[in-house]
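Everything below concerns the one structure shown next.
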Amino acid sequence: MSTKKIVIDPITRIEGHLRAEVEVDEDGVVQEAYVSGQLFRGIEVILKGRDPRDAGLLAGRICGVCTNVHFRAAITSVEDAYKIEPPKNAQIIRDLITMALFIQDHVVHFYHLHSLDFVDVTSALQADPKLTSKEADKYSDHPFRNSDTHYEAVLTKLQNFVKAGKLGPFNNGYWGHKDYRLNPEQNLILISHYLEALEFQATMGKAVAIFGAKSSHPQTQVVGGVTSVADMLNPQRLNDYLFVIKEAKEFINRAYLPDMKIIASAYRDEMKAGLGRANGNFLCVGGYEFEDDQRLFCNGVIYGHDFSKIEEFDESLISEEIDRAWYSGEGRANEVCYTDLNEDGSLKTAKNDDKYSWIKAPRYDGKTMETGPLARILISYSKDNQLIKSFVDEFLNETDLELIDLSSTVGRNCARAIETNYICEYIFKLVSRLIQNIKYYDTETWTKYDFNSLEKSAKGRAFFEVPRGVLSHFVNIENEKIGNYSVIAPTTWNASPKNFDGKRGAYEEALVGIKIEDTSKPLEVLRVLHSFDPCLACAVHVIDAKGRELSSYKIKTL
Ligand code: NI
């Protein structure tokens, strides 16, 4: 059987630099996949020798998108090392910043990084604005900005892009690909929301900045608590924050969720067939306390899609494999060990110990895990989490889908949209809790400590659920300085390479078995990878098994 290799490098509309090489058979079905992180981060090296109290500000620079969550995890790992417990109000303020980021991240991911894998811009140009508003009525009782004149305006804007010879952000798609299944009117609805979501992105930035002082790099978290005391005590600031969340909820309920229903309906057969499913192992560390016995997310581990048996998460079962990653050494103190590519520029993957990625391979009890909104929904729902159950049931009932169908490319997106919706509800509850505390004169935002009296050497760690999945930071403080620092980010789990025993990472598992209709337009590969919301930042090369370049595409950055 002859195989052909398809290389996509870089994968665009993500953060960072990701490369995928897939081997397809004569029918275009993926037989093997190699996913490679092409960017060395090295922030851990920068953190060494620094004052532990600065860990948050430095770690926040790991990423331009996930700023707050690294900031927070670093501060929390230092607090864990020093056994400093921040006051409840500080935890709530931190949650309010993080939750605003979840909403912003999920909406931006779907519309700006992923929706064009399902939405054909050129088809939208054929839409009838009057029919478009009728189409939107099928998926929502009150569709967002649903009028003939609005859709006429969106269509005119799109036509002006084309007349000017520039599609702007819609340049260089696989337009006309036969697996674009939405009708012209549905495509116009989603394009309209794509444009609205650009405004949304800025609005959510305001919510982050109200308590974070700045977006995208918040400034207000310190070891022991937060500094945004004046904002917390100012009713106008709380109102401003709630106003943004109410606006967000309108968009989520009237645009984002209905759009997911359109896509779920068009790709129903793929969801039912589990297309883009990984190996069925899911991990969630839980978190975001609401009341003593209630958490927004339940911790747990699922093996092989067995939703009836959820094991408790145990951090001692995490290992990091580096056999196939460009590192050497033992434990977390690894040396960089880059091995060159093949002569044709492809990844070295022929032998079992060939190294091909800057991403290490975290494993749980030796197994590959998927982390993210899908894992959180499956685990929390199966553990009967009352905060989220009704939201999941409502979506599944309205789409006539089952829980298992969410374990698919399209399902991952549905899970993300459902999660965005219930996070809004959770935020309202959190704000009322904060107001209650303040009302009863609990205004503490910082736990006082004397740095000189703290242990000179200590170890700490922090585990958080963040928009893309499980994030963990580990700090080793030696003589009042950071001796060693280590991060396992959600994409480290999902985009991990194979390990010593040949087990694939979650992206690789999800790619194997999918069928690529047109190897010169590997849209199906992009869909699977984008559905995980990779955070790793433009030409696409396609070569055959002998390394000959078949075609090449230049994609401009936004
Ligand atoms: Ni990131």
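The values are calculated or read from the model by the stated rules, or taken from the named source; none is laboratory data. Not measured: the values here are computed from a predicted model. Cβ: placed from backbone, ideal geometry, glycine included. Neighbour counts: every protein chain shown. Quick note on the areas: whole protein, heavy atoms, side chains included, nothing else; ligands and nucleic acids left out. Shrake-Rupley method; radii C 1.70, N 1.55, O 1.52, S 1.80 Å.
Structure data summary
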{"read-out": "Considering residues of region 475-493 that are more than 12 Å from the ligand (Cβ to nearest atom) and closer than 19 Å to F40 by Cβ only, the residue modelled with the highest pLDDT", "value": "W493"}
{"read-out": "Unmet criterion (only one of (1) over 30 Å from V525 (Cβ atoms); (2) part of a helix (DSSP H, G or I); (3) away from the ligand (no atom under 15 Å from the Cβ)) for A73", "value": "(3)"}
{"read-out": "Residue ID - nearest to L529 (Cα to Cα), chosen from residues in region 108-139 that are open to solvent by less than 20 Å² (accessible area, probe 1.4 Å) and not in a helix (DSSP H, G or I)", "value": "F118"}
{"read-out": "Residues satisfying the stated conditions in region 176-220, i.e. within 30 Å of Q126 (Cβ to Cβ), not aliphatic (A, V, I, L, M) and not in a loop (DSSP other than H, G, I, E, B)", "value": "P184, E185, Q186, N187, S192, H193, Y194, E196, E199, F200, Q201"}
{"read-out": "Verdict on I11 being assigned to a loop (DSSP other than H, G, I, E, B) and either in contact with a Lys or Arg (Cβ under 9 Å, 6 or more places away or on another chain) or under 30 Å from I516 (Cβ atoms) (or both)", "value": "yes"}
{"read-out": "Those residues of region 481-518 which are under 30 Å from K456 (Cα atoms) and assigned to a loop (DSSP other than H, G, I, E, B), in sequence order", "value": "A489"}
{"read-out": "Selected residue (only one of N299, N342, N334 is more than 30 Å from I46 (Cβ to Cβ) and at pLDDT below 90)", "value": "N342"}
{"read-out": "Any hit, region 206-216, residues being among the small types (G, A, S) and either touching a strand residue (DSSP E or B) at 6+ places or on another chain (Cβ under 9 Å) or within 22 Å of F118 (Cα to Cα) (or both)", "value": "yes"}
{"read-out": "Among residues of region 41-66, those that are within 15 Å of the ligand (Cβ to nearest atom) and open to solvent by 90 Å² or more (accessible area, probe 1.4 Å), counted", "value": "2"}
{"read-out": "Meets criteria (assigned to a loop (DSSP other than H, G, I, E, B) and under 26 Å from Y422 (Cα atoms)) for K348", "value": "no"}
{"read-out": "The lone exception for S77 - which of (1) surrounded by 24 or more Cβ atoms within 10 Å (Cβ to Cβ); (2) closer than 28 Å to K206 by Cβ; (3) touching a His at 6+ places or on another chain (Cβ under 9 Å) it fails", "value": "(2)"}
{"read-out": "Qualifying positions in region 519-535 - over 16 Å from the mean Cα position of the chain (by Cα) and part of a helix (DSSP H, G or I)", "value": "L523, E524, V525"}
{"read-out": "Inter-residue pairs, beta-carbon under 7 Å, first farther than 14 Å from Y34 by Cα and among the acidic types (D, E) and in region 475-500, second open to solvent by 10 Å² or more (accessible area, probe 1.4 Å) and away from the ligand (no atom under 16 Å from the Cβ), 6+ apart", "value": "E478/S457; E480/K456"}
{"read-out": "Helices (runs of 4 or more DSSP H) enclosed by region 365-454 - at least 3 residues per element that are buried (at least 23 other Cβ atoms within 10 Å of the Cβ) and in contact with a Gly (Cβ under 7 Å, 6 or more places away or on another chain)", "value": "373-382"}
{"read-out": "Whichever residue in region 463-512 is open to solvent by 10 Å² or more (accessible area, probe 1.4 Å) and aromatic (F, W, Y) and, among such residues, is farthest from Q104 (Cα to Cα)", "value": "F500"}
